[in-house]
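Structure record follows, encoded as C-alpha cells.
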Amino acid sequence: MEQTVLILGATGRFGTNAAQAFTAAGWNVRTFDRSRDNLATAARGVDVIVNGWNPPYHQWAKLVPGLHDQVRKAALTNDATVIIPGNVYVFGPDAPYCWKSSTRHLAQNPLGKIRIEMEQAYRRDEVRTIIVRSGDYLDTDASGNWFDMIMGKNLAKGKFSYPGRTDIPHAWGYLPDVARAAVMLAEKRDQLARFEDVPFPGYTLTGEELVAAISKVTGRDIKLKKMVWWPMNFARPFMPMLNGIFEMRYLWNLPHRLDGERFSALLPEFRPTPVEDALAKAVAPLLPDDKPSRMQRAAA
C-alpha cells in the first residue's frame with residue numbers, strides 16, 4: 001500500500017534531503033508551501049509529517065510554539081507520525097559527555113529551553129513522534145550551515161576556520177544519511193514507542209581530525225585556523241540572528257558525541273556513508289575550481 005508523507009520546510013536543509021530520501025524509497029511525497037497552503041487540508045490522510053520548519057534563531061520564541069502546535073493538531077487529527085530533526089541544544093553545557101536517549105535535558109539558555117518545551121509538548125499530547133537527533137550537519141550543497149557558511153568559506157584558499165577548541169570531539173551528521181535513517185524509522189513506526197528520541201551517531205571528530213580528513217579527500221594541504229569571533233560582535237545590533245550563534249557558542253568548546261545504541265537497536269541494517277565520502281560531497285560546492293575528476297576519485 002502506498003504511503004504518503006507531508007514535508008514541511010521542503011526547501012530547507014533537512015526538508016530537501018527528506019523529500020529526496022522519501023521519494024527514493026517509493027513514498028508519495030507532498031510538499032507544503034506556507035504562503036498558500038492550509039496545513040489541516042494538506043495533512044489530510046497522510047501517514048507521516050516531516051516537520052522541517054526552522055525559523056531564524058531570533059524568531060524562535062515567537063514562532064516555534066505556534067508552528068508546532070499546528071503540526072501536533074494536524075498529526076492527531078490524522079493519526080500521523082511526526083518526524084522532527086532534533087538537535088543537541090537540549091542537553092546544555094552541564095550534560096555528561098556521551099548523549100543518549102536517556103540523557104537529561106539540562107539546557108537553561110533560551111534556545112535550549114524552547115527546544116525542550118517543544119519536544120515535551122509532543123510527548124504531553126501523545127503525538128506519534130520520532131525525533132532524529134543529530135549533531136551539526138554536513139550537506140551536499142552550500143545550504144548556509146556552519147560547515148559551508150563559516151568554517152569552509154575560505155577552503156579554496158587552503159584555510160578552514162574552526163570556531164572553538166580543535167582538540168575535542170564534536171558531533172556531525174551527514175544529511176543524506178540522516179534523511180535516509182528518518183525514512184527507515186518511518187517505515188518501522190508501527191513497531192516503535194509512541195514517542196521515540198533517537199540519537200543519530202553520525203561522525204565524532206575533533207577539529208584536527210576533520211581538517212586532516214578534508215586534506216586527504218581533496219588532495220590539498222588545508223590549514224586549520226582558529227575562528228575570530230570578535231568582528232561578529234559589531235554586527236549583532238544589525239543581525240539579530242547572531243545573538244543565537246553566540247548563545248550556542250559553548251558547543252564548540254564542549255566535548256560531545258551522540259551515542260548510537262538506540263539507533264543500532266532500531267536500525268541494525270543501516271549502513272552509514274563513509275566519512276571520507278561524506279566530506280568529499282560536503283566540500284565539493286566550496287571548491288568550484290577543482291577538477292570534477294579529483295572529487296569523483298575522492299568519493300569513489
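What follows draws every value from the coordinates through simple rules; no lab data is involved. Since the structure is predicted, the reported quantities are computational estimates derived from the model, not experimental observations. Cβ coordinates were reconstructed from backbone atoms using ideal geometry, including for glycine residues, and neighbour counts include every protein chain displayed.
Key figures
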| quantity | calculated |
| --- | --- |
| Efficiency of FRET from Cβ geometry, residue 261 and residue 233, R₀ 51 Å, rounded to 0.05 | 0.80 |
| Charged-residue dipole, Cβ positions (Lys, Arg, Asp, Glu), the stretch 1-61 about Cα centre, Debye nearest 20 | 140 |
| Hull volume in cubic angstrom per residue (convex hull over the Cα atoms of the chain) | 140 |
| For the stretch 101-117, 3J(HN,Hα) per residue [Karplus equation, 6.51 cos²θ - 1.76 cosθ + 1.60, θ = phi - 60°, Hz, x = Gly/Pro] | 4, 8, 5, 5, 8, 10, 4, 10, 6, x, 5, x, 5, 4, 5, 4, 5 |
| Relative contact order (%) - criterion: Cα under 8 Å, at least six apart; region: the chain | 20 |
| Overall form of the stretch 106-249 per C-alpha gyration tensor (a/c, 1.5; a/b vs b/c) | oblate |
| Ranked 187, 261, criterion: other C-beta atoms within 10 Å, fewest first | 261, 187 |
| Cα centre as origin, Lys/Arg/Asp/Glu Cβ charges: the chain dipole, Debye | 660 |
| Descending semi-axes in Å of the stretch 91-160, equivalent ellipsoid built from Cα gyration tensor | 31, 15, 11 |
| Candidate lysines for bridging to residue 223, where Cα separation is under 20 Å - those fewer than 8 sequence places away on the same chain excluded | 153, 157, 159, 281 |
| Convex hull of the stretch 14-163 built on C-alpha atoms - directionally averaged projected area, nm² | 11.0 |
| Relative contact order, percent, the stretch 38-157 [alpha-carbon distance under 8 Å, six or more residues apart] | 25 |
| Computed over the stretch 1-67: relative contact order in percent, which uses C-alpha pairs under 8 Å that are six or more apart | 42 |
| Rg(Cα)/(2.2 N^0.38 Å) for the stretch 53-100, N = residue count | 1.46 |
| Residue order, fewest to most surrounding Cβ atoms within 10 angstrom, among 221, 94 | 221, 94 |
| Values of log10 I(q)/I(0), in the order q = 0.11, 0.14, 0.25 Å⁻¹, for the stretch 36-124 under a Debye, Cα-only, solvent-free model | -0.35, -0.55, -1.29 |
| Choice from 229, 53, 172 showing the highest fluctuation, given a GNM over the chain with Cα pairs closer than 10 Å | 229 |
| J(HN,Hα) series, the stretch 23-39, from Karplus relation 6.51 cos²θ - 1.76 cosθ + 1.60, nearest Hz, glycine and proline x | 4, 4, 8, x, 7, 7, 9, 10, 10, 10, 10, 5, 6, 9, 8, 9, 5 |
| Residue among 19, 60, 5 farthest towards the positive dipole end of the stretch 1-137, charges placed on Cβ | 60 |
| Backbone HN-Hα couplings from phi across the stretch 228-234 [Karplus 6.51/-1.76/1.60, Hz, Gly and Pro as x] | 9, 8, 4, x, 5, 4, 5 |
| In range of the label at residue 149: residues from the stretch 4-22 whose backbone nitrogen is under 19 Å from the point 7 Å along Cα→Cβ | 9-18 |
